[in-house]
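Here's the structure we're looking at; comments come further down.
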Amino acid sequence: MFVSLYKEITSTRNLFQAWKEFRKGKGNKKDVLQFEYQLEQNIFELHRDLESYEYKHGPYKSFYITDPKRRHIHKATVRDRVIHHAIYKTLYPVFNKTFIATSFSCRIGYGTHRGVLWLDKAVRKVSKNYTKPCFILKCDIRRFFDSVDHYVLIKIMNRKIRDNETRCLLNEVICGFSSSASNLFERKGVPIGNLTSQLFANVYMSEFDHFVKQELKVKYYARYTDDFVLVSENRQYLEDILEPITDFLDTELKLSLHPHKVSIRKLHNGIDYLGYIVLPHHKLLRTKTKNRIYRGLSRRIREYKSGKVNKEKFEESLTKFVSCLEYKNEAFIKTLEATLINKYREKEKELGEFSVKVGNTVAELEAEKQQNINAYISTKNEVIRANLEEKINNVHKQIEETRQQRNNIEVQENDVHAFVGYVKHLMEHPVEMLVKQKNITAIKALFSIVFDELPTYDEILNGTPKLSIPYKLSKEFERNKSLSVTLRGIEPRF
């Protein structure tokens, strides 16, 4: 427990650092510019209010966003959001130590990709490398942020914090908002959009995490905010454990499971978790996640090109996309090379054998051609000359067709190498490639290969709509020295 946090939270140094963190990516917002215009005065005034215990949390401005689900967002004033950052900066390390290792939301070094990797590893262990049955219980809490009970949350936080001033400040922030789930006797809700809400959510659900791990002794359990999974080889075990889970959430945290978002699925049917579909041996990005990224990227590109956002903000907006690339990069390239380049090495061997065969065939055809030419010269019979001329033309055509076959294989080899080189370049320079695209169709074409299943060898050579990425090469990249050819193919269809 900690007894001297208030001075750390409210120090001018911490408040200025909180402002610096809060301001990132918000430099063009009107309310932020107004606060910044008299920054020192506003920060010192906030500091004085905190020191004299006169600070009162202001009202929220509410609005709705759709991304893709419709959400009710509540936005605090700049002054209050600076306080949120100051609280978070100080209290995060205090509570983070108490969270279980498989709590993946809103924690430094964790996140969705680490959660998906954990699930992939867990199902592989439970299924004995995909050879045994494996079941996953997936649950979601109904209206979680609206249902967080203020009294329960404050009681949980007070176990760790004995500093009365900090307790009063947290009470002010927590009770400064109430959702539609509140009533005369119970105040509920933490606002979606507040930085402190991320911390409060993890502190609140940490009680449930420890119950599942320590009381129920569940070995394979993970949670991301209000979305959690349990993995077992026994379906009945997962069905039976739902009752104690539901009872604990109701009696201790005053929460309930969403009736339409509780499911037990076989691994081989695919597990929809944190934006990915986890399957034996591989993972796919969910279509909704892809489309959301596409829309966001398209919007940000327009804003960047029109000067509404700077390069720093634009690159920040790519964090989710770049993290997808980083998540798949090494394994993706290795698999790509294994399935395409290694397979083409078989073709290269065939090419060597074929080249020798072609050489012999060409030599034989050239000899036959020369023999026919000599016969043509030596005879004066028009009928024989006509037959020989036809033979000479046929042999010449066979020679050209044989040489073209060899050239086609060599060109195909160049295409495969060029394709892999382009994908590598895409992964290394996502911003450079993005700013060249003009619309969402181009963005889909550019990144479809990264999110979809790996192409087959024939798809690379023949071109399909799924392999639209090589056919959207910008003029600048076509001139890049790392690519010696321009890939052939068809225009993508969306």
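The values are calculated or read from the model by the stated rules, or taken from the named source; none is laboratory data. Please read these numbers as outputs of a predicted model, since none were measured by experiment. Please note: Cβ atoms are built from the backbone with ideal geometry, for glycine as well, and neighbour counts cover all protein chains shown. Keep in mind that these areas ignore ligands, DNA and RNA; they rest on the heavy atoms of the full protein, side chains included. Shrake-Rupley method; radii C 1.70, N 1.55, O 1.52, S 1.80 Å.
Would you confirm, using the coordinates I've provided, whether THR166 is open to solvent by less than 30 Å² (accessible area, probe 1.4 Å) and more than 20 Å from ARG142 (Cβ to Cβ)? Spell out the reasoning first.
Details: open to solvent by less than 30 Å² (accessible area, probe 1.4 Å): yes; more than 20 Å from ARG142 (Cβ to Cβ): yes.
Against the criterion (open to solvent by less than 30 Å² (accessible area, probe 1.4 Å) and more than 20 Å from ARG142 (Cβ to Cβ)), THR166 qualifies.
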- Applying the selection to segment 222-237, what residues are within 21 Å of ASN129 (Cβ to Cβ) and buried (at least 18 other Cβ atoms within 10 Å of the Cβ)? ALA222, VAL229, LEU230, VAL231, SER232
- Message: Being over 27 Å from PHE22 (Cα atoms) and within 25 Å of the chain's Cα centre (by Cα) is the requirement here; does PHE145 meet it?
- Response: no
- Query: Are any of the residues in segment 185-206 modelled with pLDDT of 95 or more, open to solvent by 30 Å² or more (accessible area, probe 1.4 Å) and basic (Lys, Arg)?
  - Reply: no
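Suppose we filter segment 181-200 for residues that are of a type outside the set (Ser, Thr, Tyr) and in contact with a helix residue (DSSP H, G or I) (Cβ under 7 Å, 6 or more places away or on another chain); how many remain? Write out each step before concluding.
So in segment 181-200, the residues of a type outside the set (Ser, Thr, Tyr) come out as 181, 183-195, 198-200.
Next cut, in contact with a helix residue (DSSP H, G or I) (Cβ under 7 Å, 6 or more places away or on another chain) only: 181, 187-192, 194-195, 199-200.
The total comes to 11.
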- Task: Would you please list the contacts, defined by Cβ atoms under 6 Å and residues six or more apart or on different chains, that run from a residue in segment 35-58 that is farther than 16 Å from ASN164 by Cα to a residue that is surrounded by 10 or more Cβ atoms within 10 Å (Cβ to Cβ) and among the acidic types (Asp, Glu)?
- Result: HIS57/ASP80; HIS57/GLU172; GLY58/ASP80
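Would you be able to tell me the number of residues in segment 250-272 that are closer than 23 Å to CYS134 by Cβ and either open to solvent by 30 Å² or more (accessible area, probe 1.4 Å) or touching a Ser or Thr at 6+ places or on another chain (Cβ under 9 Å) (or both)?
Taking segment 250-272 as the starting set, the residues that turn out to be closer than 23 Å to CYS134 by Cβ are 257, 261-272.
Among the residues that remain, those that are also either open to solvent by 30 Å² or more (accessible area, probe 1.4 Å) or touching a Ser or Thr at 6+ places or on another chain (Cβ under 9 Å) (or both) are: 257, 261-269, 272.
Looking only at that region, the number is 11.
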- Taking LYS217, is it of a type in the set (D, E, K, R), modelled with pLDDT of 90 or more and open to solvent by 40 Å² or more (accessible area, probe 1.4 Å)? yes
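Any chance you could count how many residues in segment 173-201 are within 17 Å of ILE156 (Cβ to Cβ) and either assigned to a loop (DSSP other than H, G, I, E, B) or touching a Gly at 6+ places or on another chain (Cβ under 9 Å) (or both)? If you could, list the steps in order and put the result at the bottom.
Keep residues of segment 173-201 that are within 17 Å of ILE156 (Cβ to Cβ), which gives 173-175, 186-190, 196-201.
Okay, now just the ones that are also either assigned to a loop (DSSP other than H, G, I, E, B) or touching a Gly at 6+ places or on another chain (Cβ under 9 Å) (or both), so 175, 186-187, 189-190.
Summing the residues that are within 17 Å of ILE156 (Cβ to Cβ) and either assigned to a loop (DSSP other than H, G, I, E, B) or touching a Gly at 6+ places or on another chain (Cβ under 9 Å) (or both) in segment 173-201 gives 5.
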- Regarding PHE177, is this residue crowded, with 16+ Cβ neighbours inside 10 Å, in contact (Cβ under 8 Å) with a residue 40 or more places away in the chain, of a type outside the set (Lys, Arg) and over 30 Å from ALA101 (Cβ atoms)? yes
- Neighbours by Cβ (under 7 Å, 6+ apart or cross-chain): first from segment 109-125, crowded, with 17+ Cβ neighbours inside 10 Å; second assigned to a helix (DSSP H, G or I) and modelled with pLDDT under 90: HIS113/SER323; HIS113/TYR327
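Quick one: is VAL229 assigned to a helix (DSSP H, G or I), modelled with pLDDT of 95 or more and either aliphatic (A, V, I, L, M) or more than 16 Å from VAL123 (Cβ to Cβ) (or both)? Spell out the reasoning first.
On the way: assigned to a helix (DSSP H, G or I): no; modelled with pLDDT of 95 or more: yes; either aliphatic (A, V, I, L, M) or more than 16 Å from VAL123 (Cβ to Cβ) (or both): yes.
Answer is no for this residue.
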- Within segment 47-86, work out how many residues are under 17 Å from LEU170 (Cβ atoms), open to solvent by 50 Å² or more (accessible area, probe 1.4 Å) and not charged (D, E, K, R). 1
- Item | Selection from segment 53-102 of residues that are under 28 Å from ARG295 (Cβ atoms) and within 24 Å of the chain's Cα centre (by Cα) | TYR64, ILE65, THR66, ASP67, PRO68, LYS69, ARG70, ARG71, HIS72, ILE73
